[in-house]
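What follows is a single structure, written as structure tokens, with notes after it.
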Amino acid sequence: MWHFYLIGLFMKSVRIKNSKEEFTIGKIVCVGRNYAEHARELGNELAEKPVLFLKPASTLIYSGEEIIHPDYGNELHHEVELILLIGETIKNADKTAAERAIIGYGVGLDMTLRDVQDGLKKKGHPWTLAKCFDTSAVVSDFILKNDYKLKLDEKLELKVNGVTKQSDTSKSMIFNPTEIVEYISTIMTLEKGDLIFTGTPSGVGRVSRGDKLEAKLGEIAELSCTVC
């Protein structure tokens, strides 16, 4: 009994706008290099298929909370992203099933220790230390697809201390949300409550302790947090 109580105590969930409904988070699947200009600014080649990595749900924090700058890295970068909320279990989905499985949208930050990531890449090692530290995934409240149909022309924007650093729309993505979900489902089963970070546009950069970050997805989702 105590074991199951502890599991429930530490599980993370996301909230739905204008609703008391919440979704317990399973896994966080992230897509890298999904905006051509961002890939180029980091000197990466464009990928033929989505580049995938995972974050544990324990990395997740919410708007209004603090991002803790890890001591083992010096270049903490912001990456603003459209997030998809998965509403049903799918495996090897076609486009119709993949689109149906997306039930909500939010905006988030994939915080990345760039100097650590660069060092790991040079050694051929996974990006875990650069991507999976506590507070590295920041999320807004989510809006259900039944309440808003995403057009992909919504502005995805990130400000640091009031200055715009990233601004683009999801139309610039190499792989659109349906293609991303369809592809991921061929690799791993997607389940209700999974989140998918769909990649960041160009303009990523360093943040320091004390900086305030504000992210928006059009008029449908927003978040703010500070670095400490």
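Within segment 170-199, restricting attention to residues that are polar (S, T, N, Q) and modelled with pLDDT of 95 or more, which residue is farthest from Val139 (Cα to Cα)?
The extreme case among them is Thr186.
Condition check: among the small types (Gly, Ala, Ser), on the phi > 0 side of the Ramachandran plot and buried (at least 17 other Cβ atoms within 10 Å of the Cβ). Does Gly210 satisfy that? Step through it out loud before you land on a result.
On the way: among the small types (Gly, Ala, Ser): yes; on the phi > 0 side of the Ramachandran plot: yes; buried (at least 17 other Cβ atoms within 10 Å of the Cβ): no.
When the stated conditions are applied, Gly210 does not pass them.
Within segment 196-228, work out how many residues are of a type in the set (A, V, I, L, M, F, W, C) and over 26 Å from Glu41 (Cα atoms). Even if it seems obvious, please write down each step before you answer.
Initial filter on segment 196-228 (of a type in the set (A, V, I, L, M, F, W, C)): 196-197, 204, 207, 213, 215, 217, 220-221, 223, 225, 227-228.
Keeping just the survivors that are over 26 Å from Glu41 (Cα atoms) gives 220-221, 228.
Qualifying residue count, segment 196-228: 3.
What residue, of Thr186, Thr200, Thr169, is in contact (Cβ under 8 Å) with a residue 40 or more places away in the chain and surrounded by 17 or more Cβ atoms within 10 Å (Cβ to Cβ)?
Within the list Thr186, Thr200, Thr169, the selection yields Thr200.
Looking at (1) loosely packed, with under 15 Cβ neighbours inside 10 Å; (2) of a type in the set (D, E, K, R); (3) under 13 Å from the mean Cα position of the chain (by Cα), which is the one condition that is false for Glu37?
Every listed condition holds for Glu37 apart from (3).
Determine, yes or no, whether Leu46 is of a type in the set (A, V, I, L, M) and either within 19 Å of the chain's Cα centre (by Cα) or modelled with pLDDT of 95 or more (or both). Even if it seems obvious, please write down each step before you answer.
Details: of a type in the set (A, V, I, L, M): yes; either within 19 Å of the chain's Cα centre (by Cα) or modelled with pLDDT of 95 or more (or both): no.
Considered against the rule, which asks whether it is of a type in the set (A, V, I, L, M) and either within 19 Å of the chain's Cα centre (by Cα) or modelled with pLDDT of 95 or more (or both), Leu46 comes out as no.
State whether one or more residues within segment 162-171 are assigned to a loop (DSSP other than H, G, I, E, B), under 15 Å from the mean Cα position of the chain (by Cα) and either hydrophobic (A, V, I, L, M, F, W, C) or at negative phi (or both). Even if it seems obvious, please write down each step before you answer.
The first filter runs over segment 162-171 and keeps only residues assigned to a loop (DSSP other than H, G, I, E, B), leaving 162.
This time we only want the ones that are under 15 Å from the mean Cα position of the chain (by Cα), so: none.
Looking through segment 162-171, none of the residues is assigned to a loop (DSSP other than H, G, I, E, B), under 15 Å from the mean Cα position of the chain (by Cα) and either hydrophobic (A, V, I, L, M, F, W, C) or at negative phi (or both).
Could you check segment 186-228 for strands (runs of 3 or more DSSP E) lying wholly inside it with 2 or more residues that are hydrophobic (A, V, I, L, M, F, W, C)? Write out each step before concluding.
Details: elements: 195-197, 205-207, 212-217, 221-227.
Qualifying strands (runs of 3 or more DSSP E): 195-197, 212-217, 221-227.
From the list Gly106, Gly162, Gly119, which one is among the small types (Gly, Ala, Ser), out of contact with any Pro (no Cβ under 6 Å at 6 or more places or on another chain) and farther than 22 Å from Lys216 by Cβ? Can you show your working first?
Numbers: Gly106 fails: farther than 22 Å from Lys216 by Cβ; Gly162 fails: farther than 22 Å from Lys216 by Cβ.
Going through Gly106, Gly162, Gly119 in turn, the sole match is Gly119.
Residues are listed down the side, and each one gets a yes or a no for (1) surrounded by fewer than 20 Cβ atoms within 10 Å (Cβ to Cβ); (2) within 27 Å of Val227 (Cβ to Cβ):
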| residue | (1), (2) |
| --- | --- |
| Thr135 | no, yes |
| Ser140 | no, yes |
| Ile143 | no, yes |
| Lys149 | yes, no |
| Gly162 | yes, yes |
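Any residue at all in segment 125-137 that is within 17 Å of Glu157 (Cα to Cα), touching a Cys at 6+ places or on another chain (Cβ under 6 Å) and part of a strand (DSSP E or B)?
Checking segment 125-137: not a single residue is within 17 Å of Glu157 (Cα to Cα), touching a Cys at 6+ places or on another chain (Cβ under 6 Å) and part of a strand (DSSP E or B).
The values are calculated or read from the model by the stated rules, or taken from the named source; none is laboratory data. Please read these numbers as outputs of a predicted model, since none were measured by experiment. All Cβ positions, glycine included, derive from the backbone under ideal geometry; neighbour counts span all protein chains shown.
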